[in-house]
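Engineer: Quick one: the structure is below, questions incoming.
Just so it is clear, none of the values below were taken in a lab; they were calculated from the coordinates. Please read all numbers here as calculations on a predicted model, not as lab measurements. Backbone-built Cβ (ideal geometry, glycine too); neighbour counts: all protein chains shown.
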Amino acid sequence: MNPLEIRKDFPIFQEIINGHPLVYLDSAATSQKPRQVLEVLQRYYERENSNVHRGVHTLGTRATEAYENAREKVARFIHAPSANQVVFTRGTTESINMIAYGYARLKLKQGDEIVLPPSEHHSNLIPWQQVARATGARLKYLPLQGDGTIRLEDVEAAVTSDTKIVAIAHVSNVLGTINPVRDIADIAHRNGSIIVVDGAQSVPHMPVDVQELDCDFLAFSGHKMLGPTGVGVLYGKKSLLEEMEPTYFGGEMIDVVELHESTWKEAPWKFEGGTPIIAGAIGLGAAIDYLNRIGMAEIAEHDAHLAALAVDRLSKMDGISVYGPAAGQPRSGLVTFNLDGVHPHDVATVLDSVGVAVRAGHHCAQPLMRLLGVGSTARASFYLYNTEDDVEALAQALEQAKEFFGYAIG
Ligand code: PLP
């Protein structure tokens, strides 16, 4: 793959930011969009726009086909056995909340356990706190190693016959650690638990096969994988989606409505109450076409290569602390760091002044920040349109930041 060619598909790279070409290192927050996705969205609104599953008119049929075709694309992308196991949602957050409300709150009871690491994004942590509060179940946190990795023996020790849910990110959005989801799934299943996988940072960046991972649920967001905002996916095993209750009730999701009771359609439609996210799903389908054309294995290798380069470059700079797996250890395409003694917001502001966009803050992972002993960090995250020059631009901008704050502090 050639990132210089790929960049030509992304109109945003023509933007000049504070007098500099854009160096976009914040794809873990949201990715940029190629013109192939933007064109599909425009075409949909210009030539297909209609509500789905309702009208018998031609446009209604076109929209329905395009929408259901997008579901098929998602299913193939994650190797789901059937498109009926793919629910369109607003994103990872909504997908996990739907599991929490439609499954966990109905199934769990006093004394049950939910096992998770303390490094989870708030969207895979707070819904479980809420489940625990509502049901009397208990949250049990896995110990983290200093580099953010999880030892399987600790999972073995934590997961018991009381465990009903193991919730874990495939890839940490802060540290870039890649969790051994298949091994953890095996431990969960041996103990009669299900496993909920937050795929927000893995599905956009590496090949993901839900059957190989043997995950019971998988959640991810379209906007982090070249798709539009406002669309995401909840994948579930068939029997679990059958057991799970809808979270939203109204049009679209019903079978028969009586005055005092109603019945629902089958999954996935029973979970898609109201007019669904039609354009979003179609845009996500176009994003998947784009990613498939490049190849997920190539993308994974490219992103990890840039992150490894950044870890190496930044680790050699005085005054920079790099968090997460040591150089040479598996890491996805992101690197989290701090300039010692300087707030990451200030670092990010100086980087922005030369066109380098990084994320700064707690990354929706406050408990992890506490474990790391910091309030916040800066994070550079890479994707298929980034180059080695972007890593160098980051390092040089950090040198400038050091100089700037050196003067300010001195
Ligand atoms: N989980 C992880 C690991 C993430 O990185 C994010 C987004 O930053 C989310 C969940 C939440 O995704 P969304 O805001 O698209 O629902």
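Engineer: Of Glu120, Glu72, Glu261, which is the most mobile in a GNM of the chain whose springs link Cα atoms less than 10 angstrom apart?
Structural biologist: Maximum fluctuation in the GNM of the chain, among the listed residues, is at Glu261.
Engineer: In nm, to one decimal, how far is the Gln14 label point from the Ile126 one, both placed 7 Å along Cα→Cβ?
Structural biologist: About 3.9 nm separates the two model spin labels.
Engineer: Share of Cα-Cα pairs in segment 1-94 beyond 16 Å, in percent?
Structural biologist: Values: 3110 of 4371 pairs.
More than 16 Å apart: 71 percent of the Cα pairs in segment 1-94.
Engineer: Using a Gaussian network model of the chain whose springs link C-alpha atoms within less than 10 Å, name the residue from Ala395, Ala286, Ala304 with the highest mean-square fluctuation.
Structural biologist: In the Gaussian network model the winner is Ala395.
Engineer: Could you tell me the convex hull volume per residue, in Å³, taken over the Cα atoms of the chain?
Structural biologist: Per-residue hull volume (Cα only) is 142 Å³.
Engineer: Given the DSSP H assignment, sum -39500 (n - 2.57) over each helix run of at least 4 residues in the chain and divide by its residue total; what's the result at 222 nm in deg cm²/dmol, nearest 500?
Structural biologist: On the way: 14 runs with 155 residues, N = 410.
Computed mean residue ellipticity for the chain: -11500 deg cm²/dmol.
Engineer: Who wins for biggest fluctuation among Leu38, Leu59, Leu125 in a Gaussian network model of the chain, springs between alpha carbons below 10 Å?
Structural biologist: Highest fluctuation of the listed residues: Leu59.
Engineer: Set the Förster radius R0 to 22 Å, insert the Cβ-Cβ distance between Gln400 and Ala327 as r into 1/(1 + (r/R0)^6), and round the FRET efficiency to 0.05.
Structural biologist: Details: r = 24 Å, r/R0 = 1.09.
Rounded to the nearest 0.05, the efficiency is 0.35.
Engineer: Which entries in Lys164/Lys238; Lys33/Lys107; Lys107/Lys238; Lys140/Lys237; Lys140/Lys316; Lys33/Lys238 show an alpha-carbon gap greater than 28 Å?
Structural biologist: Numbers: Lys164/Lys238 18 Å; Lys33/Lys107 39 Å; Lys107/Lys238 17 Å; Lys140/Lys237 24 Å; Lys140/Lys316 38 Å; Lys33/Lys238 32 Å.
Too far apart for the 28 Å limit: Lys33/Lys107; Lys140/Lys316; Lys33/Lys238.
Engineer: Right, another one. If each of Arg293 and His189 carries a label point 7 Å out from its Cα toward its Cβ, how far apart are those two points in nm?
Structural biologist: Reported label-point gap for Arg293 and His189 is 3.6 nm.
Engineer: Please identify every one of the trypsin sites (Lys or Arg not before Pro) in segment 269-352 that sits in a loop by DSSP and has no more than 15 other beta carbons within 10 Å of its own beta carbon. Let's see the in-between values first.
Structural biologist: Details: sites: Lys270, Arg293, Arg313, Lys316, Arg331; in loops: Lys316, Arg331.
Here the trypsin sites (Lys or Arg not before Pro) that fit, given the DSSP loop and packing criteria, are Lys316.
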